[in-house]
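Visitor: This structure is in structure tokens; I'll ask about it shortly.
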Amino acid sequence: MIIVIKQGSPEKQVNNLISWIETQGVRVHVSHGEYNTIIGLIGDTAKIDADLVEGLEIVETVKKISEPFKKANRKFHPEDTVIDVGGVKIGGGNFCMIAGPCSVESEEQILEIASSVKRSGALMLRGGAFKPRTSPYDFQGLKAEGIDLLLEAKRETKMPIVTEILNINHLDLFEDVDIIQVGARNMQNFELLKELGKTKKPILLKRGLANTMKELLMSAEYIMAGGNEDIILCERGIRTFETFTRNTIDLSAVPMLKELTHLPVVVDPSHSTGMSKLVKPMSLAAAACGADGLMIEVHNNPARALCDGAQSLTPAQFDDVAKSVNKVLEVVKG
Ligand code: PEP
Ligand code: MN
């Protein structure tokens, strides 16, 4: 249920209403927008008489929210959430390009890639230190050393860093990481999500390989229910019967999610196609359909990459993609 408060209502009366709702055992989420204050009710609202509330002088309207996601729901929070990472913004019209290798492999590799993607306009650096690999015999990432190398690249380039967490016991290692990524394989690791809900760091939540948009939003809700509301959703392709591409990119998820939620939505054209030649057209399409950013894998020597070389762009290819994406963004903005 949401209660829309009339513009200019006395704060004291609004606070009285909030206190009364809380005494009924219902939690509230208050959103102060440019035009309206919205009180979102979370929990069992059976005891709240909607007609009675609607009759109050300060109340404009009362609406029932049928969706199971509340804090992530745009009806609770009509304005776009803007996530600000040390001055780099994402959401609400701020398009953010995140680029970097699938995995951090060496000091030389990450520093070279970081400086080149920055020159091309990337605002954040990605790189896996803990890698969720299908085979236990494949490269599993440099782990703590990988995070140290990302931090070195952050110091050199001043770019915020994004890296994936696999195990909540590693959280201490992420203290200076700017955005914690939850990968597709962990999208429904509810215990991990609950623990991340207690942190103050923005979370980049990737859609699971076989998950619906509703399930993605419910996973975001798990994190938000714990108090951490800085979440970036990421469409990274889903499993279908198609086998030419690694996954099937679901770009319709971008406008659909943006209607359902206020959270920023980015697209990962690398994992969703698995082929470097498809990264540019899908990046342009993602920018055209309203994505708030892109996360693209870039390697200084894709043929020798320890992970995901086939989908990685060279720095020169990334530069070309970034320039073309900017042209699309100009057109979209009108
Ligand atoms: C990644 O971004 O490095 C990754 C493993 O992606 P996903 O979880 O989408 O497969
Ligand atoms: Mn990868």
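The values are calculated or read from the model by the stated rules, or taken from the named source; none is laboratory data. The structure displayed is predicted, hence computed values, not measured ones. With ideal geometry, Cβ positions are generated from the backbone for all residues, glycine too; neighbour counts draw on all protein chains shown.
Visitor: Among the candidates GLY128, GLY121, GLY183, GLY146, single out the residue that is of a type outside the set (Phe, Trp, Tyr) and on the phi > 0 side of the Ramachandran plot. I'd like the intermediate steps shown before the answer.
Guide: Working: GLY128 fails: on the phi > 0 side of the Ramachandran plot; GLY183 fails: on the phi > 0 side of the Ramachandran plot; GLY146 fails: on the phi > 0 side of the Ramachandran plot.
Of GLY128, GLY121, GLY183, GLY146, the one residue that is of a type outside the set (Phe, Trp, Tyr) and on the phi > 0 side of the Ramachandran plot is GLY121.
Visitor: Does LYS333 fit the bill of being of a type in the set (D, E, K, R), at pLDDT 95 or above and away from ligand 2 (no atom under 16 Å from the Cβ)? It would help to see each step written out before you state the result.
Guide: On the way: of a type in the set (D, E, K, R): yes; at pLDDT 95 or above: no; away from ligand 2 (no atom under 16 Å from the Cβ): yes.
Taking the combined requirement at face value, the residue does not satisfy it.
Visitor: Collect the residues in region 83-103 that are more than 16 Å from ligand 1 (Cβ to nearest atom) and farther than 15 Å from LEU123 by Cα, keeping them in residue-number order.
Guide: Scanning region 83-103 gives a single hit, GLY92.
Visitor: While we're looking at this one, here's another question. The conditions are (1) of a type in the set (A, V, I, L, M, F, W, C); (2) free of Cβ contacts under 8 Å to residues at least 24 places away in the same chain; (3) farther than 27 Å from PRO302 by Cβ, and PHE244 fails exactly one of them. Which is it?
Guide: (3)
Visitor: Among (1) within 16 Å of ligand 2 (Cβ to nearest atom); (2) part of a helix (DSSP H, G or I), there is one condition GLU145 misses while meeting the rest; what is its number?
Guide: Among (1) within 16 Å of ligand 2 (Cβ to nearest atom); (2) part of a helix (DSSP H, G or I), the lone unmet condition for GLU145 is (1).
Visitor: Hey, another quick one. Which one of these does ALA122 not meet: (1) farther than 30 Å from ASP80 by Cβ; (2) in a loop (DSSP other than H, G, I, E, B); (3) away from ligand 2 (no atom under 14 Å from the Cβ)?
Guide: All conditions are met except number (1).
Visitor: Moving to a separate point now. Filtering region 176-192 down to residues that are part of a helix (DSSP H, G or I) and surrounded by 18 or more Cβ atoms within 10 Å (Cβ to Cβ), which residue is nearest to ligand 2 (Cβ to nearest atom)?
Guide: So, considering only residues that are part of a helix (DSSP H, G or I) and surrounded by 18 or more Cβ atoms within 10 Å (Cβ to Cβ), the one nearest to ligand 2 (Cβ to nearest atom) is ALA184.
Visitor: Name the single residue that is nearest to ligand 1 (Cβ to nearest atom) among those in region 126-143 being over 22 Å from the mean Cα position of the chain (by Cα) and surrounded by 13 or more Cβ atoms within 10 Å (Cβ to Cβ).
Guide: My answer is GLY141.
Visitor: Can you tell me which residues in region 42-56 are in contact with a strand residue (DSSP E or B) (Cβ under 6 Å, 6 or more places away or on another chain) and closer than 18 Å to LYS6 by Cβ?
Guide: Scanning region 42-56 gives ALA50, VAL53, GLU54.
Visitor: Please state which of the following conditions GLU195 fails to meet, knowing it meets all the rest: (1) acidic (Asp, Glu); (2) within 13 Å of ligand 1 (Cβ to nearest atom); (3) crowded, with 16+ Cβ neighbours inside 10 Å.
Guide: Every listed condition holds for GLU195 apart from (2).
Visitor: Right, next: Cβ-Cβ under 7 Å, sequence separation 6+ or interchain: first residue in region 303-318 and in contact (Cβ under 8 Å) with a residue 12 or more places away in the chain and of a type in the set (A, V, I, L, M, F, W, C), partner within 16 Å of ligand 1 (Cβ to nearest atom) and in a helix (DSSP H, G or I). Which pairs?
Guide: ALA310/SER276; LEU313/SER276; LEU313/VAL279; PHE318/VAL117
Visitor: Okay, next question. Go through region 297-315 residue by residue and tally those that are among the hydroxyl-bearing types (Ser, Thr, Tyr) and surrounded by 19 or more Cβ atoms within 10 Å (Cβ to Cβ).
Guide: Total meeting the criteria: 1.
Visitor: Turning to a different aspect of this structure: Would you check if LEU284 is touching a residue at least 60 places away in the same chain (Cβ under 8 Å), surrounded by fewer than 24 Cβ atoms within 10 Å (Cβ to Cβ) and of a type in the set (A, V, I, L, M)? Outline the logic, then answer.
Guide: Numbers: touching a residue at least 60 places away in the same chain (Cβ under 8 Å): no; surrounded by fewer than 24 Cβ atoms within 10 Å (Cβ to Cβ): yes; of a type in the set (A, V, I, L, M): yes.
No; evaluated as a whole, the condition is false for this residue.
Visitor: Among the strands (runs of 3 or more DSSP E) contained in region 1-118, which hold 2 or more residues that are under 30 Å from PRO302 (Cα atoms) and under 20 Å from the mean Cα position of the chain (by Cα)?
Guide: On the way: elements: 2-5, 27-32, 37-42, 59-63, 83-85, 88-90, 96-100.
Result: 88-90, 96-100.
Visitor: For the list (1) more than 26 Å from ALA122 (Cα to Cα); (2) part of a helix (DSSP H, G or I); (3) touching a strand residue (DSSP E or B) at 6+ places or on another chain (Cβ under 9 Å); (4) of a type outside the set (Phe, Trp, Tyr), I need the number of the one condition that ALA210 fails.
Guide: It fails just one condition, (2).
Visitor: For region 168-175, does any single residue satisfy the condition of being assigned to a loop (DSSP other than H, G, I, E, B), over 20 Å from ALA316 (Cβ atoms), modelled with pLDDT of 95 or more and within 16 Å of ligand 2 (Cβ to nearest atom)?
Guide: no
Visitor: Any chance region 99-110 includes a residue that's under 30 Å from GLU330 (Cβ atoms), touching a Pro at 6+ places or on another chain (Cβ under 9 Å), β-branched (Val, Ile, Thr) and touching a residue at least 40 places away in the same chain (Cβ under 8 Å)?
Guide: No: zero hits.
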